[in-house]
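See structure below.
Derivation of every value follows stated rules applied to the coordinates shown; laboratory data play no part. None of the values given here were measured: they were computed from a predicted structure. All Cβ positions, even for glycine, are placed from backbone atoms using ideal geometry, and neighbour counts span all protein chains on display.
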Amino acid sequence: MNDAAASIKQDAVAVTPAVWASAFLKLDIEGRARVLGRLLGLLGPLALAAVAGGAFVKYVRFARTAVVPISFEDAARATASQVQDLVRYVHQSHPRILRTSSRRWGAVPCP
């Protein structure tokens, strides 16, 4: 396998929504709030209302801010399915963000 193919494979593994959701659920509440706030900061108002069945619509006033303030209670309530939907959307709208973010935020180990 050449370097380009290996890089693509690593990118695919690093941004798998199921991997992110699994890692998210292993974080402590503070870590969950931090990661969720940064991921939601990448969404516009329509996406906040639509992603994960509208689970994040209450944050629409913070649309497109760098970090959305997430309470520990809301972070604790976020389900794996909601995180998967959110990661899937972020991956489609910002394909390179998740790979670099996983390293920076320490949320998901990159291969």
For residue 71 paired with residue 58, estimate the spin-label separation in nm (one decimal), with each label point 7 Å from Cα along the Cα-to-Cβ line. 0.5
Ordered by fewest other Cβ atoms within 10 Å, a rough proxy for footprinting exposure, 70, 97 read 97, 70
